[in-house]
Structures are given as structure tokens and as C-alpha cells.
1. Identify, from the list A:200, A:222, A:230, the residue that is in contact with a helix residue (DSSP H, G or I) (Cβ under 8 Å, 6 or more places away or on another chain) and within 14 Å of chain B (Cβ to nearest Cβ).
2. Taking residue A:90, is it under 30 Å from residue A:130 (Cα atoms), under 23 Å from the mean Cα position of the chain (by Cα) and part of a loop (DSSP other than H, G, I, E, B)?
3. Looking for something more than 9 Å from chain B (Cβ to nearest Cβ), within 19 Å of residue A:57 (Cα to Cα) and at pLDDT 85 or above - is there at least one such residue anywhere in the stretch A:272-288?
4. Give just the number: which of (1) crowded, with 23+ Cβ neighbours inside 10 Å; (2) part of a loop (DSSP other than H, G, I, E, B) does residue A:267 not satisfy?
5. Is it the case that residue B:211 is at pLDDT 85 or above and over 23 Å from residue B:172 (Cβ atoms)?
6. What is the number of the single condition among (1) free of Cβ contacts under 8 Å to residues at least 40 places away in the same chain; (2) away from chain B (no Cβ under 14 Å) that residue A:174 does not meet?
7. Of the conditions (1) in a helix (DSSP H, G or I); (2) closer than 30 Å to residue A:213 by Cβ, residue A:113 clears all except one; give me its number.
8. Name the single residue, out of those in the stretch A:233-246 being surrounded by fewer than 23 Cβ atoms within 10 Å (Cβ to Cβ) and part of a helix (DSSP H, G or I), that is farthest from the other protein chains (Cβ to nearest Cβ).
């Protein structure tokens, strides 16, 4: 067994143990239900913000319609569960796939052009989706919304635990997938598209293909987020998925740092928690958000993680560090023992 | 009313709406032509213009004189806001990655909308915009209202003035030069910063006029009124060929007619979707727009 393999195994163990402990705390109600709910919403927000980070932060193509993809995922999941009795887990995946299909269809004409067009087309797409959802009242319930989406479980005690666990499980999978993707060869191609499209093209990278790939994957993840959202809330309304919602995800990405996964996770949970605290500000919140966007872009365009040199938190790196310190300590202990003799 | 007359009526309404879009699209296209930025906040300048005019008319009463005065005050105010916006938010980012400038533009747009919503004298609720008593004249069985005549007169007048400024004045020549090659015009002794500020001022003044016309045609003002006209005007600018001034005018008229025909003959809810449908079709068929030139990427 190579050392790297061992480190990975230890990391997975650490992750699993952490996951079980935190879920145990939730199940024993040591983390109260309110906090659990905020953390669950935060998890969904982070999943969608991560998907936006993939296309806007890593690929450098601004997309403004992620609420639209979220809506596609949420409504597909809800419709499959309610009308065809598909198991929830499969329905969520189907929501993601449907959203990816939409992403592909929108991406094909727009990504051929300069990134600016993507911003407008995705913005328009988000609005069109909302209009369609309002009009397709057989499936979506129209402007009144869709009520009575069955939750993950009907058991009153297990419901928050299961919602929390499932959302965090998806979140962990998305983070693992994204961080591995970014380190892989397609990931490097994606980043090169952001850095310099012309140079990337000259190096033989199919810029259009990688843009489409990143955009479709981004839509897929956003659809998963929407799919998780539907059974968790149990109610959907087309007006939940307006432009403002898309901009909320953008704020998370910008605040955490574009192209930084750790930043998005921290900013996502942080902002969700802050939103609960800032309720007393009412409408003034709406002025503070755009100010955050403008000020970040003017003074700290790399986001909060930019302050720490845009580094990523890495679990394997953490484990490796721990081991190194242990080895160091053991050796120094034996050295000391040697001195005594 | 026959089908032919109905089509004629809707086309007339469409041209009237389209001239408002055209005024707004001119601002997008000029700014894009010079700094390569989609100014998301442009639609919100329309809202500001409408509100300034609303307050002027509320204070002084509605007469043709005060309406003219409100045009001047509102255009001047918005031109100043445009310059301020450029100097504080866009100028520092001129050499930053484009995505940063785009995000800032979205921030500015939201700031203006929500700022207006939070200010107590504006507030979130829609208000009735004071207008002159409406009179409708009938020509060949087609009704044309006084507001529509006002819209045509102001829009066409402003477009002629803009055409004169861009094509026959020193600053207009400088604008064209900066849009063609910023670096070279800097070397030729053109004050590029001043030209960019002037472009923002000009675009914002046109947006303010468009705002008053829009508010007169649909007599209502509210903080979010600028979003949809802004987006549609942007689509109009892309349709005509972004960066091209005649293109923006043409695109605006096409957008307006397409929208009213959809509203009149298909469905009123589809009208908003049709704009983005059009945009996707243009991007697939002719991304440079009707009057735009396809320019290859410079290395």
C-alpha cells in the first residue's frame, strides 16, 4: 500500500466518523432543530453555489440563471415523486439530469460566443422558466404553487435527521467530485479557459467543449440542489426562483472567492446563518447585498479566501500533516530516550 | 375592425414601444462599443429618470411646459448619475477581468433598484404616473393616441440629435475613435476618460427620456420597472448588432413590433419570453447582429 493510498483511507475514515458524529448530535437533538434546519438550507445553498462556482469561478463564464436550473430540478423531482411515485433518491438524480439537459440546450448556442452573452441568456432563461412554470399549472400548480410534496420520511422524529444527512451527503459528494475534477486534466483545461481563452485554444484545448462540459455539469449539480430542496420544503412556488435567488448564489461565490471551493462552503453556510440574524434589517438587507458585490469586486476581487492566498482546505493534506507531526514527535522522543541512556 | 387594421394598429403600437426600446438600446450599444461592458444598471437609469420626472410633475402639476421641464431635469440628473456610476464603479475595473466588471454592474443594478425601494419617498409600491389627458386621433381606422405621438416625436428627435453628436462633432469623432482603438486614440491626444464619461452621460440621458416615455405610456412607476425594458433593450441592441448605433435603433423597433404582435395575436404571457427566444435565435443564426460586423478576436 502506497503512502498516498493510506492517507486517502484515513481521510475517508475521518470523514465518515465526522459525518456519523454530527448526525448523531442531530438525532439526539443536541443540535437543536432550528440550527439543523438552517444547516440543511445552508447545505442546499452551498451545493448550488458550488455549481455556480464551477462555471463562473473556475471556467470564468458568468451565469445568472442558476435559480432556473434549481427550479427545473425541484419541479422535476416533485413531479416524479408525486405523479409517478418514483423513489425520492432516484427522483433527485432525475431532477439533476433534466437540469443538465436544459443546460446543454442553452449552452450549445450561447457558449460559442463571448462569455457576456451567457450572462444575459441565462438570466433570460431563468425568467422564461419562471413563466413556463406559472403556465404549466397541471404539473406545477401554477402561480399558487405546488403543495404537499412528500418529505424524505413521514416519521416526525427522523425527518430533520434524514433531510440533514441526505443534504450533507450530497454536499460531500459534490465537494469530492469538484475538488478532484479541478485537479484532473479536464480541470486544468477548464481553468486554462478562464485564464486565457486564446492561449488555451492555441495549446490545442477545445475551449467550446470544455465550456459546454462545465456548464452542463454545473446545471446538473444545481438541479440536484433543487431536487433536494423540493422534498425538504414540501412546497414550491415559481416566484421562489427569481433573479434575486440567482444573485444570492452569486454573492456566496464572490464573497468566498471565485474559483475557491473552501471559500464557497464557508461563505454559503456563513451567509445562510447571517440571513437568519439579519431578519431585523428587513429591506435594508437588499441594499447591503449588492454593496457587498460592488465592494468585493473593487477592493477584494479574490474574495475572503483571497486573504489567505486563495488556498483550499484539503482533508488529505490535513491528515498528511498530522502524520508528519506524529512521526516528528516519535523521532524526537526516541532521540531524547537516547540522550538519557 | 378588420384583421388588416388590427395588424396595422398593433404595428403602430409596436413602433411606439420600439422607439422606447431603441432609446434604451442606444445606451447599451454605445457603452458596449467603448468599454466592452454590458451595463446591467442601464435599465435602472430608466427607472430613476421616470421617478425624477414623477416628482417634478407632482410638484408643478402636469402641463406641456412642466413635462418638457421634467425631461430636461431628469435627463440632466441621470447623466450625472451615469458619470458618477462610471467613475466610482466601472473605472477602477477597466483593466480587471471582464467577469469582475459584469458582477459589479449587477451589483450597481441591484443597488439602484433596492436603494429606490428602501428610500421612504419612493418605496416598494407602484404609483400612478401623472399624464396629460389622453386624446386619441383616428387615421384610416387606426387609433393613435397623444402619448404615442409624444413618444415618436421625442424618440426621433433625440435620435437625430444623437446622430448629429456622434457624426458631426469633435466629441463624437473622439467617441468613434475610442470605440475603434482605445490605445491609439490615447496616443493621438484624446482624453479617453473624458470620452468614456461623456458616453455614459449621453446613454443615461437617453435612458432617462426613455423612462419618462415608458412611464407616460404605461402610467405607473415602481422601483423594479426598469428590469424588463432593460433586458429587452439589450436584446434589441444585440439584434441590431452590438456597438452599432443604427443597429440599436433598428433592433429596438423590431423588438417592439415583435412584442406587440405576440401580445395581440398569440398570448400576453409569452411576450416576455419572446424577447429571449429572439436572442437565442440571433445568437445561433447571426451572432454579430443585423448591422454588426463580425470581428475576429485579436491576439
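The values are calculated or read from the model by the stated rules, or taken from the named source; none is laboratory data. As the structure is a prediction and not an experimental result, all values here were calculated from the model. FYI the Cβ positions are ideal-geometry reconstructions off the backbone, even for glycines, and counts take in every protein chain you see.
1. Values: A:222 fails: within 14 Å of chain B (Cβ to nearest Cβ); A:230 fails: within 14 Å of chain B (Cβ to nearest Cβ).
One residue alone meets the criteria, A:200.
2. Working: under 30 Å from residue A:130 (Cα atoms): yes; under 23 Å from the mean Cα position of the chain (by Cα): yes; part of a loop (DSSP other than H, G, I, E, B): no.
So residue A:90 does not fit the description; no.
3. no
4. Here residue A:267 meets the rest and fails (2).
5. Values: at pLDDT 85 or above: yes; over 23 Å from residue B:172 (Cβ atoms): yes.
For residue B:211, the condition - at pLDDT 85 or above and over 23 Å from residue B:172 (Cβ atoms) - is met.
6. Among (1) free of Cβ contacts under 8 Å to residues at least 40 places away in the same chain; (2) away from chain B (no Cβ under 14 Å), the lone unmet condition for residue A:174 is (1).
7. Every condition holds for residue A:113 apart from (1).
8. Filtering first and then ranking leaves A:233.
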